[in-house]
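Chemist: Below is a structure I'd like to ask you about.
The values are calculated or read from the model by the stated rules, or taken from the named source; none is laboratory data. This is a predicted model, so every value here is computed, not measured. Cβ: placed from backbone, ideal geometry, glycine included. Neighbour counts: every protein chain shown.
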There are 2 protein chains.
Amino acid sequence: MSSELETYKPILERIRWDQNGLVPVIAQDAVSGTVLMFAWMNHEALAKTIELKRAVYFSRSRKKLWFKGEESGHVQHVKSLRMDCDQDVLLLQVEQVGGIACHTGRNSCFFEAYDWQAHTWFVDAPVLKNPDDIYDTK
Amino acid sequence: MSSELETYKPILERIRWDQNGLVPVIAQDAVSGTVLMFAWMNHEALAKTIELKRAVYFSRSRKKLWFKGEESGHVQHVKSLRMDCDQDVLLLQVEQVGGIACHTGRNSCFFEAYDWQAHTWFVDAPVLKNPDDIYDTK
């Protein structure tokens, strides 16, 4: 067990991790209240998040730690960390550097809304930065 | 297939349901921006939510539809329904009747915060209504 895990053991032990050792995490803009994204953490990701006060998630597809903003610079400085009544969901309130949480170049990942008249989904949030300019795709 | 499911089929088909046929849902107060709770929906719960414009979740523990507020009266009127960039998480923006989303009688389920100095969790939100007065426990 790494030293961070040892340090934060009493904190981590309160959380009811799922059968894969993960917990769902909601990231919210600490100032505007906008829900920015949803991701997962394992023990190590949460310990790193607390240690660095920067969001570190666990990528289920890549099966490794995901230091949010490592490539794009769009890191999330953690302002508060909250836990729900079942101790199985976390809420991070963050300062979103660059104002862009989504890999599409938008502020929030939740950029599609349901149209109650037309019964369709529609995009209602602008692309603030071209994704090609966010990630080095060479 | 029930008639609601047929009606909302094109909407439901855009969503990437997990291996259990569920999608995670974040409920947020449409006015204050407070993240109220986190739950799950299956196809039927989402179709009912759209039809009634009231939050209907799927209870994983009881394995049935959960008409939020059915017992307590603390229903959630849906103001908007949003989907994330991976089409695998939903965000409901709601009017929370009674101002109480949590079964503990609090506004939000996220009532425990992490104390960065003491390395402990602490409760920082008041109980607005005694749970005994919310649910008929006779």
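Chemist: Any residue in the range B:75-104 that's within 19 Å of A:GLN117 (Cβ to Cβ): show its pairings with residues that are aromatic (Phe, Trp, Tyr) at Cβ separation under 7 Å, as long as the two are six or more apart or on different chains.
Modeler: As it stands, the answer is B:LEU81/A:TYR114; B:ARG82/A:PHE110; B:MET83/A:PHE110; B:MET83/A:TRP121, since those pairs meet every condition given.
Chemist: Which of the following residues is at pLDDT 95 or above, buried (at least 23 other Cβ atoms within 10 Å of the Cβ), within 8 Å of chain A (Cβ to nearest Cβ) and in contact with a helix residue (DSSP H, G or I) (Cβ under 9 Å, 6 or more places away or on another chain): B:LEU91, B:LEU81?
Modeler: Exactly one of B:LEU91, B:LEU81 is at pLDDT 95 or above, buried (at least 23 other Cβ atoms within 10 Å of the Cβ), within 8 Å of chain A (Cβ to nearest Cβ) and in contact with a helix residue (DSSP H, G or I) (Cβ under 9 Å, 6 or more places away or on another chain), namely B:LEU81.
Chemist: Identify all residues within the range B:48-65 that are within 13 Å of another protein chain (Cβ to nearest Cβ) and more than 16 Å from B:PHE38 (Cα to Cα); write none if there are none.
Modeler: B:ILE50, B:GLU51, B:LEU52, B:LYS53, listed by residue number.
Chemist: Within the range B:7-16, identify whether any single residue is away from every other protein chain (no Cβ under 12 Å) and on the phi < 0 side of the Ramachandran plot, and answer yes or no.
Modeler: Yes, because at least one residue in the range B:7-16 is away from every other protein chain (no Cβ under 12 Å) and on the phi < 0 side of the Ramachandran plot.
Chemist: Checking the condition farther than 22 Å from A:PRO131 by Cα and out of contact with any helix residue (DSSP H, G or I) (no Cβ under 9 Å at 6 or more places or on another chain), which residue from A:LYS48, A:LYS63 passes?
Modeler: On inspection, the qualifying residue turns out to be A:LYS63.
Chemist: Here is a follow-up. Of all residues in the range A:37-53, which are within 15 Å of A:LYS79 (Cβ to Cβ) and touching a strand residue (DSSP E or B) at 6+ places or on another chain (Cβ under 6 Å)?
Modeler: The answer is A:THR49, A:LYS53.
Chemist: May I pose another question? Go over the candidates B:VAL56, B:VAL31, B:VAL35, B:VAL123 one by one and state the one that is within 21 Å of A:ALA30 (Cβ to Cβ), buried (at least 22 other Cβ atoms within 10 Å of the Cβ) and β-branched (Val, Ile, Thr).
Modeler: Exactly one of B:VAL56, B:VAL31, B:VAL35, B:VAL123 is within 21 Å of A:ALA30 (Cβ to Cβ), buried (at least 22 other Cβ atoms within 10 Å of the Cβ) and β-branched (Val, Ile, Thr), namely B:VAL35.
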